[in-house]
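Just so it is clear, none of the values below were taken in a lab; they were calculated from the coordinates. This one's a predicted model, so the numbers in the text were calculated from it and none came from an experiment. Quick reminder, even Gly has a Cβ in these numbers, built from the backbone with ideal geometry, and neighbours come from all protein chains shown.
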Amino acid sequence: MPELKYKRILLKVSGEALAGDAHRGLDFTIVNELCKSIKTCVDMGVQIGLVIGAGNFWRGVKDGADKMQRSHADSMGMLGTVMNAIAVADALNRHGMDARVLSAVEMNKFAEYFTRDLAERYLNEGKVVLFAAGTGNPYFSTDTGAVGFHGFVTQLYDPADYDVVLVCGPTVMMKNAARLCAEKGTPCFVSMEKKMACGIGACLGCTCETKGGEGKSVCKNGPVFDATEVFF
């Protein structure tokens, strides 16, 4: 077996990706395919942490909009990530893996409360760890400072302090993170979220434009790309 490039990874999965054509809820055909891919990595000895979004149930900004208080809308989104984590953990267990859900919010009847030591222990034991409920806080960063950090995510770190920066989120955030990393000479990789159809790059439905003018399929060539190659 070839030597592993990464022995521990954190995988981010969009909640919407688990919904399939219905765009809401869970498509267990997709969930099971995800589990098979994860099992391949686990069998190779890779330690896996998993973060799942909640877009298949709720998006605080989009669904809540001006209809409710933003912090309440964000709290609903956090609960959505817990629902997805419980469902995927169950599927992982049925595929022969030991999966544990760690929540940033205490809800002991549904998930274990996250601590760094517990997550570290489970990963070292070969368990798949699903991190749920985000950070447990709405507005992780805001430009108003009404809640959380006053400013933007890109102000929360200095790329020079890291060997590599991995970014997933809104395009404008990834673009600015990539710019900061380029200025500091720090390698940056971005995870491009596109709706995938065929899964083999044939339909071109998830094409990502690159600076070289070549379109690359997120499903086949990605979803992670070198930020210097991506045309945002």
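In table form, for the structure just shown:
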read-out: Taking the chain and dividing mean pair separation by its residue count, relative contact order in percent (alpha carbons under 8 Å, at least six apart); value: 13
read-out: Rg and Dmax of the chain, Cα atoms only, in Å; value: 18.0, 54
read-out: Stretch in the chain that is longest and holds no trypsin sites (Lys or Arg not before Pro) that DSSP places in a loop and that have at most 13 other beta carbons within 10 Å; value: 110-194
read-out: Structure-based [θ]222 nm, the chain - -39500 (n - 2.57) summed over DSSP H runs of at least 4, per residue, nearest 500; value: -9500 deg cm²/dmol
read-out: Rule-of-thumb Rg ratio for region 73-129 [Cα; 2.2 N^0.38 Å; N residues]; value: 1.14
read-out: Given charges at Cβ of Lys, Arg, Asp, Glu: region 1-141 dipole, positive-most of MET76, GLY126, LEU26; value: GLY126
read-out: Cβ-based exposure ranking for TYR122, TYR113, in which fewest neighbours within 10 Å come first; value: TYR113, TYR122
read-out: Residue exposure sequence - CYS168, CYS188 - by fewest surrounding Cβ within 10 Å; value: CYS168, CYS188
